[in-house]
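A short worksheet on the structure shown next.
The values are calculated or read from the model by the stated rules, or taken from the named source; none is laboratory data. All figures in this text were calculated on a predicted structure; none of them were measured in a lab. For neighbour counting, all protein chains shown are included, and Cβ atoms are generated from backbone atoms with ideal geometry for every residue, glycine included. Note: accessible area is taken over every heavy atom of the protein model, side chains too, but ligands, DNA and RNA are not part of it. Shrake-Rupley method; radii C 1.70, N 1.55, O 1.52, S 1.80 Å.
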Amino acid sequence: MRQIIIDTETTGLDPKQGHRIIEFAALEVINRRVTGRSVHFRVDPEREIDAGATEVHGMTWEDLKGRPKFRDMADDFIAFGRGAEWIIHNAPFDIAFLDAELRLAALPRCADIYASLVDTLALARDMFPGK
């Protein structure tokens, strides 16, 4: 079983308001063992980063200007994630941003790339209701 554990950082909370991904990281696990393969990139979001987001991840647009754009890294992301089970904490958040970036690059949606999706936040809420 091939799994990819994914996390993103963003310029804000809502891709519908034009917020963008600024950092993407993914780690490959096969048969519950880390393989050592990973993907990590920071990208120029082509826009300012909300102050609240900077408080969370510590990055500003000045830190990222001149880096590649997400669309420049999208093929690497797709190749790494294709056919795997994706594991993401608060998956709807990350998937919304990834789908928005893929749409801007005229590439397939996440659901066309992954084999299945696990939201660890939903799992935690099921296991520990009310906490």
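Stretching residue 69 away from residue 121 to a fully extended chain increases their span by 15.9 nm, per 0.36 nm per residue minus the current alpha-carbon distance. Full extension of the segment from residue 90 to residue 51, taken as 0.36 nm per residue of separation minus the current Cα-Cα distance, would add 11.9 nm. Heavy-atom accessible surface of residue 39, to the nearest 10 Å², is about 30 Å², with a 1.4 Å probe and all protein chains retained. Share of pairwise Cα-Cα distances greater than 15 Å in region 1-86 is 60 percent (whole percent).
Across 82, 33, 2, 42, the residue with the most accessible area heads the list, and the full order at a 1.4 Å probe is 33, 82, 42, 2. Heavy-atom accessible area, probed at 1.4 angstrom with all protein chains present, ranks 86, 61 as 61, 86, highest first.
Here residue 65 is the anchor, and the aspartates and glutamates within straight C-alpha reach of less than 19 Å, apart from those fewer than 8 places off in the same chain, are 9, 23, 44, 46, 48, 50, 55, 101. What you get for region 66-131, charging only the Cβ of Lys and Arg (+1) and of Asp and Glu (-1), is a dipole of about 180 debye around the Cα centre. Exposure check, 1.4 Å probe, all protein chains in place: residue 89 carries approximately 110 Å² of accessible surface.
Taking all protein chains into account, the per residue accessible area for the chain stands at 57 Å² (1.4 Å probe).
Largest first, the three principal axis extents of the alpha carbons in region 39-112 are 35, 25, 20 Å in whole numbers. Over the residues of the chain, the helix contribution to mean residue ellipticity at 222 nm works out to -9500 deg cm²/dmol, using -39500 (n - 2.57) for each DSSP H run of at least 4.
Counting only protein chain heavy atoms and rolling a 1.4 Å probe, the accessible areas of 8, 120 rank, largest first, as 120, 8. Evaluated with a Cβ-only charge set (Lys, Arg +1; Asp, Glu -1), the chain carries a dipole of roughly 420 debye about its Cα centre, given to the nearest 20. With the cut-off at under 15 Å, measuring from each backbone N in region 106-121 to a point 7 Å along the Cα-to-Cβ line of residue 82 picks out 107-115.
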